[in-house]
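This report refers to the structure that appears directly beneath it.
The values are calculated or read from the model by the stated rules, or taken from the named source; none is laboratory data. Everything quoted here is computed from the prediction, not taken from an experiment. No Cβ is skipped: glycine too gets one built from the backbone with ideal geometry, and neighbour counts run over all protein chains shown. We work out accessible area using only protein heavy atoms, side chains counted, and drop any ligands, DNA or RNA first. Shrake-Rupley method; radii C 1.70, N 1.55, O 1.52, S 1.80 Å.
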Amino acid sequence: MRFVDIIYKKNDGIARVTINRPEVYNAKRGRTTDELSEALQDASDDASLRVVVIAGSGPHAFCSGVDQSEDRTTTAYSGTAKVGADELIRTMSKPVIAMVDGFAIGSGNILAYMCDFTVASTRSTFGQTGPRVGSPATGWGIGYLANVVGQKRAREIWMLTQQYTAEQAFEMGLVNSVVPHEELEAEVNRYCALIKNNSPVI
């Protein structure tokens, strides 16, 4: 597949997957999810890689969720990948870091908390929107949030559809580290270096 919606690079043991739809705040359409799955599967299979970083293009968003302009009944909305990005993140044998700068909303928030580590800039915002747009809370990723922040917080996040600052997300346990946006890449690189300093999984 020729990547259109993402940028995928590999260098020095690090795979970097960037959602590249800044004009729609990196909202995911079917093609985006398919490309994410293909890149993550490649990263999982590549023994030379030690860590995966997922980011979003532009200064406004990591990922603002699913592109609501697409018809929900078509693959343009849902994609055709047999194994989704969330499942690949949770099952691959190497750590995945979400590098969040801006909005991580809806399925973008899910993508961020599914990663092993979430590093955010101070200008980031987290939250769910499902009840506001008629999208039901279904799938194992919903229950996984309770493992991250606890049952009460998970229900608050999903049912009340509030938005949270990076600092609030840190207090909840949604985020590992919060830094000014100009320090975000350096902080993610610090995490990558720490991971690469450990023994690889054979």
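Restricting attention to the stretch 46-65 and to residues that are farther than 20 Å from Phe170 by Cα and within 12 Å of the chain's Cα centre (by Cα), the residue that is modelled with the highest pLDDT turns out to be Val52.
Of all the residues in the stretch 4-34, those that are on the phi > 0 side of the Ramachandran plot and over 16 Å from the mean Cα position of the chain (by Cα) number 2.
For Val66, the requirement of being touching a helix residue (DSSP H, G or I) at 6+ places or on another chain (Cβ under 7 Å) and under 26 Å from Val179 (Cβ atoms) is not met. Among the criteria (1) more than 22 Å from Thr165 (Cα to Cα); (2) modelled with pLDDT of 95 or more; (3) in a loop (DSSP other than H, G, I, E, B), the one Asn26 does not fulfil is (1). Among the residues of the stretch 4-34, which ones are open to solvent by less than 60 Å² (accessible area, probe 1.4 Å) and of a type in the set (Phe, Trp, Tyr)? If the condition is that a residue be open to solvent by less than 60 Å² (accessible area, probe 1.4 Å) and of a type in the set (Phe, Trp, Tyr), then Tyr8 is the only one that fits.
Within the stretch 69-101, the residues that satisfy the criterion of being of a type in the set (Gly, Ala, Ser), modelled with pLDDT of 75 or more and farther than 21 Å from Cys192 by Cβ are Gly79, Ala81, Gly84. If you go through the stretch 35-67 and pick out every residue that is under 19 Å from Gly102 (Cα atoms), of a type outside the set (Asp, Glu), assigned to a loop (DSSP other than H, G, I, E, B) and open to solvent by 10 Å² or more (accessible area, probe 1.4 Å), you end up with 5.
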